[in-house]
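Colleague: One structure, as structure tokens, below. Some questions next.
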Amino acid sequence: MSKQPVRVAVTGAAGQIGYALLFRIASGEMLGKDQPVILQLLEIPDEKAQKALKGVMMELEDCAFPLLAGMEAHSDPMTAFKDTDYALLVGARPRGPGMERKDLLSANAQIFTAQGKALNAVASRNVRVLVVGNPANTNAYIAMKSAPDLPRKNFTAMLRLDHNRALSQIAAKTGKPVSRIEKLAVWGNHSPTMYADYRFATIDGQPVKQMINDEEWNKNTFLPTVGKRGAAIIEARGLSSAASAANAAIDHMRDWALGTHGKWVTMGIPSNGEYGIPKDVMFGYPVTTEGGEYKIVEGLDIDAFSQERINLTLKELQEEQDGVKHLL
Ligand code: NAD
Ligand code: LMR
């Protein structure tokens, strides 16, 4: 093994997403089959959570993953994030049946302020951060604002699950394989206001919009199905999505680290004013990635309907931002 191990911190490591995520990271699905990893796992100090974390670590051990170069259990972000190259911030309180994501804003704001500060103090100066814990965009915004010495661009929020959900809906509608769909975008917040946009999408070079040719389906079936999918999973399982969320986190980090080779994916990233979104808003954008950096797909035409949808999701994000202003 020639590559040096990289440090990967995961918070909420004993939770249900953690359980679906860690084994895939340790097996090389996230950073490549030649990249050893050291897992730095954070859970709350609570005895039950720490005991459950030990159990997960015993299972990781029992997999004898050749790429797992080390693992540590932590109850303090200041030690968990020490020198970390990648941080997946999953730990947060999940939404239960009938709860709105906004209800969780304040409790989670405190967690992400502390974790942003800890990253700022002890993580690698080029740490790449993915926030999964909800409300993901605003939590990522809080962490970024709490870490003024780290590059803003290294803080991201997970919109990839929404992107993947939209891909599957389009594949089902057109009867074409998911793998052939290109140029899909999801704009805005990881919430029902997100705008999944297939106006530029193609399948084998053919415009998806022409193949579907059904604006009613777009407005009344596709957008609500993708937007409310998280709630539909909660309703069906009695728990929020876990395996699909972990899968999206793997996709997000893998593509960021290893490149998309021209393919568009969606990442929640801090705006620099692109498409009229105010600076720093953590917004879902279509991006391509190369050499460990992402780049927004620019110059796309925004029609009146799309602008209306983008305004709506932006407004929600700005309200969330306002709601945590006093904590920053
Ligand atoms: P879970 O309750 O099963 O696990 C969360 C874990 O985080 C628990 O073990 C808890 O002890 C731990 N935790 C809580 N606060 C912590 C802290 N401050 N530091 C470290 N660990 C902490 O929840 P889950 O199903 O794994 O979901 C985790 C989060 O991911 C939730 O906020 C959920 O809403 C969110 N989520 C996001 C997406 C997305 O697409 N962005 C998708 C699904 C779920
Ligand atoms: C999801 O999209 O599945 C999650 O964000 C669940 C939730 O809390 O909405």
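Colleague: Can you run down the residue pairs with Cβ atoms below 8 Å, 6 or more apart or on separate chains, where the first is in region 255-271 and touching a residue at least 24 places away in the same chain (Cβ under 8 Å) and the partner is open to solvent by 10 Å² or more (accessible area, probe 1.4 Å) and among the polar types (S, T, N, Q)?
Modeller: Listed by first residue and then by second, the contacts come to Thr260/Thr288; Gly262/Thr288; Lys263/Thr288; Trp264/Thr288; Val265/Thr288.
Residues checked against (1) more than 16 Å from ligand 2 (Cβ to nearest atom); (2) assigned to a helix (DSSP H, G or I):
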| residue | (1), (2) |
| --- | --- |
| Glu235 | no, yes |
| Ala245 | no, yes |
| Met253 | yes, yes |
| Thr288 | yes, no |
| Leu314 | yes, yes |
| Gln318 | yes, yes |
| Gln321 | yes, yes |
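Colleague: Separate question: So Leu327 ticks every box in (1) open to solvent by 40 Å² or more (accessible area, probe 1.4 Å); (2) in contact with a Pro (Cβ under 9 Å, 6 or more places away or on another chain); (3) among the aliphatic types (A, V, I, L, M) but one. Which box is left unticked?
Modeller: (2)
Colleague: Separate question: I want to confirm something. Restricting to region 61-108 and keeping residues that are at pLDDT 90 or above, of a type in the set (A, V, I, L, M) and within 16 Å of ligand 2 (Cβ to nearest atom), which single residue is farthest from Asn139 (Cα to Cα)?
Modeller: Among those that are at pLDDT 90 or above, of a type in the set (A, V, I, L, M) and within 16 Å of ligand 2 (Cβ to nearest atom), it is Leu88.
Colleague: Out of (1) within 16 Å of ligand 2 (Cβ to nearest atom); (2) open to solvent by 10 Å² or more (accessible area, probe 1.4 Å); (3) over 19 Å from Val8 (Cα atoms); (4) assigned to a helix (DSSP H, G or I), what's the single condition that is false for Trp217?
Modeller: For Trp217, the failing item is (1).
Colleague: Report yes if Ala136 is out of contact with any Leu (no Cβ under 7 Å at 6 or more places or on another chain), within 15 Å of ligand 2 (Cβ to nearest atom) and at pLDDT 95 or above, otherwise no.
Modeller: So Ala136 passes the test.
Colleague: Suppose we filter Leu39, Leu31 for residues that are open to solvent by less than 30 Å² (accessible area, probe 1.4 Å) and either in a loop (DSSP other than H, G, I, E, B) or touching a Ser or Thr at 6+ places or on another chain (Cβ under 9 Å) (or both); which single one remains? Before you say what the answer is, go through the steps one by one.
Modeller: Values: Leu39 fails: either in a loop (DSSP other than H, G, I, E, B) or touching a Ser or Thr at 6+ places or on another chain (Cβ under 9 Å) (or both).
After ruling out the rest, the residue left standing is Leu31.
The values are calculated or read from the model by the stated rules, or taken from the named source; none is laboratory data. Keep in mind the model is a prediction, meaning the values are calculated, not measured. Every residue, glycine among them, receives a Cβ derived from its backbone with ideal geometry; neighbour counts consider all protein chains shown. What goes into the accessible areas is simple: the full protein's heavy atoms, side chains included, and nothing from ligands, DNA or RNA. Shrake-Rupley method; radii C 1.70, N 1.55, O 1.52, S 1.80 Å.
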